[in-house]
1. Name the pairs: first residue in the range 61-83 and surrounded by 10 or more Cβ atoms within 10 Å (Cβ to Cβ), second residue part of a helix (DSSP H, G or I) and among the small types (Gly, Ala, Ser), Cβ to Cβ under 9 Å, at least 6 apart or on different chains?
2. Considering only the range 35-47, I want to know if a residue exists there that is touching a Lys or Arg at 6+ places or on another chain (Cβ under 7 Å), under 30 Å from GLN113 (Cβ atoms) and either free of Cβ contacts under 8 Å to residues at least 12 places away in the same chain or not β-branched (Val, Ile, Thr) (or both).
3. Can you tell me which of VAL73, VAL41 is assigned to a helix (DSSP H, G or I) and within 23 Å of GLY30 (Cβ to Cβ)?
4. Would you check if PHE93 is in a helix (DSSP H, G or I), modelled with pLDDT of 90 or more and farther than 30 Å from GLY119 by Cα?
5. Being surrounded by 10 or more Cβ atoms within 10 Å (Cβ to Cβ) and at pLDDT 90 or above is the requirement here; does ALA120 meet it?
6. Does the range 1-38 hold any residues that are assigned to a helix (DSSP H, G or I), modelled with pLDDT under 70 and surrounded by 13 or more Cβ atoms within 10 Å (Cβ to Cβ), and which are they?
7. Please go through the range 58-70 and pick out each residue that is within 30 Å of PRO37 (Cβ to Cβ), outside any loop (DSSP other than H, G, I, E, B) and either at pLDDT 95 or above or of a type outside the set (D, E, K, R) (or both).
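The values are calculated or read from the model by the stated rules, or taken from the named source; none is laboratory data. The shown structure was predicted, so the numbers you read here are calculated from the model rather than taken from an experiment. Every residue, glycine as well, gets a Cβ built from its backbone with ideal geometry; the counts of neighbours run over all protein chains shown.
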Amino acid sequence: MNVRAGSPAAGSRAIRHQDPSGLLRGPRTGGFEYGAPTGVVEEVTGRPAEPFDATVRRYLNQPIAQRTLGNRVRSFFNFMRVPFTPSFDVKGFEERQFQPPPPSPLFAMQDKQWKAEHGAMREVLTAPLKLS
């Protein structure tokens, strides 16, 4: 069995993002809100996106989310082993994958081309519907 470094089968999480610290800074720039809401979920799945409270209700009905002694012990054990878990070697992973660094990385809201493309989407989605 051929297992690539960084795959879950190798015992680690795959990192596909060049700058994982950007995952924390990126949402603060407004890239997720720009051009929202969209109809992508309905286009892909054929059904409209479910409301947030329905998603929460579905999760809370799962056994893993119930307040049981077993779940509390498991959560406590997982929390206590965090300081002893080695962090992910992002630089080493990128070197093993031969990923070239991006020439000039930008957040979505800093990229004029991205904003132009998604701004056009926003105009289409928010335009008043004309019925003939």
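1. If the second residue must be part of a helix (DSSP H, G or I) and among the small types (Gly, Ala, Ser), the pairs left are ASN71/ALA65.
2. yes
3. After ruling out the rest, the residue left standing is VAL41.
4. In short, no.
5. So ALA120 does not fit the description; no.
6. Hits for the range 1-38 are GLY22, GLY26, PRO27.
7. Within the range 58-70, TYR59, LEU60, ILE64, ALA65 qualify.
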